[in-house]
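Colleague: Pasting a structure here, questions to come.
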Amino acid sequence: MQKLYSPGEDNKPSGTYTEVGPRGGQVSNPRTVNIDPGDRLPPTQDSGHKWKKK
């Protein structure tokens, strides 16, 4: 299983991240973000959601 990241974490590998549920499951209308090196992961739509690197 791929590692999940919490909103607000910084210094993560650059790339595209997709919003997932607390255990990595799909959510309706997930956000997709692209971060650069040293950027912080943005907030998710709901409390408890995480980010998964594509």
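None of the figures in this text is laboratory data; all of them are computed from the coordinates on show. These figures come from a predicted structure and were not determined experimentally. Backbone-built Cβ (ideal geometry, glycine too); neighbour counts: all protein chains shown.
Colleague: Work out how much length ARG40 to GLN2 would gain on full extension: take 0.36 nm times their residue separation and subtract the Cα-Cα distance, in nm to one decimal.
Modeller: So the extension gain works out to 11.8 nm.
Colleague: Any chance you could list the semi-axes, whole Å, largest first, of the equivalent ellipsoid that the Cα gyration tensor gives for the chain, using √(5λ)?
Modeller: Each semi-axis is √(5λ); the values are 17, 11, 10 Å.
Colleague: Distance from a point 7 Å along Cα→Cβ of SER14 to each backbone N in region 25-54: keep the residues under 12 Å and list them by number.
Modeller: Counting backbone N atoms under 12 Å from the label point, the list is 35-39.
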